[in-house]
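For reference, the structure is listed below as C-alpha cells.
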Amino acid sequence: MNPFAHHKSYNRMYKEGELTLGLHIPLENYQFDTPTMEKQVELAQLSEKLGFTSLWFRDVLLEDPNFGDPAVGQIYDMMIYLTYLASQTKDIALGTAAAVLPLRHPLRVAKEIATIDQLFPGRVLLGVSSGDRRADFAAMGASHPDRGQKFVEAYHYLQEALYKEFPHIESSRGNIRDANLVPKPTTRIPTFITGYAQQDMKWFAEHGDGWMYYPRSPHDQEVTIQRWRSLVEEYHPGVFKPFSQPMHLDLDLAEDPNEIPRPIRLGFRIGRNYLIELLNIYKQAGVNHLFFALFDSQRPADEVIQELGEEVVPYFPAVQG
C-alpha cells in the first residue's frame, strides 16, 4: 500500500524505475558571491510552467567564510521563504534539503510543516538532516559532536507529534502529555533522510520514507543505492522508497549541445545531449529524482531553465498530472 497515495507532489515525482527533475533554490548563478535573490518568483513560476516537479531549499543560519561554501542557503529563512514561493505557484513541490533537526525544536518543525501542508495540501516534502555547519551549532549553543544522537531523538519526536493523537512523549527536547499538535497534516508528508545523518545505513533503511544523498558518479551511486535498497527490503519487504540527489550544473546548451562532461564542484559542465545520456545512466542506477543547482553556471539562470525545460525535461516528465 502506498502511504502517499493522496500526496500530490510525491505522486508526480516518484515512481519506481522513473526519474524526474527539479531545481535548487536560489535559481541563480552566483558562484562564490552572495546570492542576489532577484527574480526568484518569476523563475519559480517559469520552472513550474516548463514541467520541473520540485524546488528545494536549504536550512542555513549564518554566513561562514570558513565553511568553504559561500552560500547562506537562500538568504531567507527556509520555512518562511518556502511558504512565500508556495503562495506564488500552483503545483510545483517545495522541499527542505534539509531541515537541521538538532538546531530546530521538533515540535516547532511539526507545527510549521503541518501548517504549510494545510495551506498548500500535498506540496511540501520534508528532508531532514543532522547538519554540518559548525558556526550554526556554536551560535545556537548546540553540541556538534552530539548531533547524531540529537537527530534521532528529534526525528522520533517529530513523527509522533505529527501523526499520533495526544501522543505521550518523554524526551530531552521536552514532554507531551494530555496535549495534541494542531493542525495535523492533510495527509502523511514524505520525510527523507538526508546524507547519513550520523547514522549507519541500517537506521535510515528502516526509518524515513526515502533517502537523499550527495552527488557522486553514477557507478558509485548505483552501488550505494543497491546496498540501501537491499536493507530497505529487509526492514520493509515490498516497499518502494525513492532516492533523490542534487547535481551542480553548468549547462553549455546554446554553444555546444555535444560538449562532453567535465567535472565541476559537485557536478558537471556538460552539453545538452550528453546531459540527457547522463541522466538516463543515473536513472538506470536507481536515482528517482534529481534537482539541479545552477550556482556554478556560466550562463544566466533564466536561459538555462528555459533550455532545460524545453530540451531536457520532456525526456523525464512528471510521473502523472
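Run a plain Debye calculation on region 192-247 (Cα atoms as equal point scatterers, no solvent) and give log10 I(q)/I(0) at q = 0.14, 0.23 Å⁻¹, rounded to two decimals, same order as the q list.
Here log10 of I(q) over I(0) equals -0.32, -0.88.
At a threshold of 8 angstrom on Cα-Cα distance, excluding pairs fewer than six apart, so keeping six or more, what relative contact order does the chain reach in percent?
25
Which three extents, in whole angstrom, do the alpha-carbon atoms of region 222-321 cover along their principal axes, largest first?
For region 222-321, the Cα extents along the three principal axes come out at 48, 32, 21 Å.
Rounded to the nearest 500, what is the chain's calculated 222 nm mean residue ellipticity when only DSSP H runs of at least 4 contribute -39500 (n - 2.57) each, over all residues?
After summing the helix terms and dividing by the residues of the chain, the value is -11000 deg cm²/dmol.
Which value, in debye to the nearest 20, describes the size of the charge dipole of the chain about its Cα centre when Lys and Arg Cβ atoms bear +1, Asp and Glu Cβ atoms bear -1, and nothing else is charged?
960
Sort the following peptides by mean Cβ neighbour count (other Cβ atoms within 10 Å, averaged over residues), highest first: 230-239, 286-295, 37-46.
Those peptides, ordered most packed to least, come out 286-295, 37-46, 230-239.
If THR89, THR115 are ordered by their accessible area, calculated over protein heavy atoms with a 1.4 Å probe, which sequence runs from highest to lowest?
Result of the area sort, largest leading: THR115, THR89.
Output needed for the chain: three equivalent-ellipsoid semi-axes, defined as square roots of 5 times the C-alpha gyration tensor eigenvalues, in descending order, whole Å.
They are 31, 22, 20 Å, listed largest first.
Could you tell me which trypsin sites (Lys or Arg not before Pro) in region 70-124 are loop residues by DSSP with no more than 11 other beta carbons within 10 angstrom of their beta carbon?
Numbers: sites: LYS90, ARG104, ARG108, LYS111, ARG123; in loops: LYS90, ARG104, ARG123.
Passing both the DSSP loop test and the Cβ count: LYS90.
Per residue, what volume in Å³ does the Cα convex hull of region 1-123 take up? Write out the running numbers ahead of the final one.
Numbers: hull volume 16.2 nm³, N = 123.
It comes to 132 Å³ per residue, whole-number rounded.
Excluding residues fewer than 8 places away in the same chain, name every one of the aspartates and glutamates whose C-alpha is closer than 14 Å to that of LYS15.
ASP209
How many nm separate the modelled label positions at MET140 and LYS111, each set 7 Å beyond the Cα in the direction of the Cβ?
1.6
What number, in percent, do you get for the relative contact order of region 106-258 if the mean sequence gap of Cα pairs under 8 Å and at least 6 apart is divided by its residue count? Mind dumping the intermediate values first?
Values: 181 pairs, mean separation 34.2, N = 153.
Averaging sequence separation for qualifying contacts and normalising by length gives 22 percent for region 106-258.
Helix 78-87 sits at what angle to the longest principal axis of the chain, using alpha carbons and giving 0 to 90 degrees rounded to 10?
70
For the chain, what proportion of DSSP beta bridges, expressed in % and rounded to the nearest 5, is antiparallel?
20
State in Å² the accessible area per residue of the chain; use a 1.4 Å probe, count heavy atoms of protein chains only, and round to the nearest integer.
Computed with neighbouring chains in place, this is 44 Å² per residue.
Express the carbon and sulfur contribution to the solvent-accessible surface of the chain as a percent, rounded to the nearest whole number, probe 1.4 angstrom.
It is 50 percent, rounded to a whole number.
Can you tell me the orientation of helix 218-235 relative to the chain, as the angle in degrees between its alpha-carbon axis and the longest Cα principal axis, to the nearest 10?
Value to nearest ten degrees: 30.
For the chain, take the longest principal axis of its alpha carbons; what is the angle in degrees between that and the long axis of helix 301-311, to the nearest 10 within 0 to 90?
It works out to around 80 degrees.
The values are calculated or read from the model by the stated rules, or taken from the named source; none is laboratory data. If you're wondering where the values come from, they're calculated on a predicted model, not measured in any experiment. Ideal geometry is used to build each Cβ from the backbone, glycine not excepted, and the neighbour counts take in all protein chains shown. Areas reflect the complete protein model, heavy atoms only, side chains present, ligands, DNA and RNA absent. Shrake-Rupley method; radii C 1.70, N 1.55, O 1.52, S 1.80 Å.
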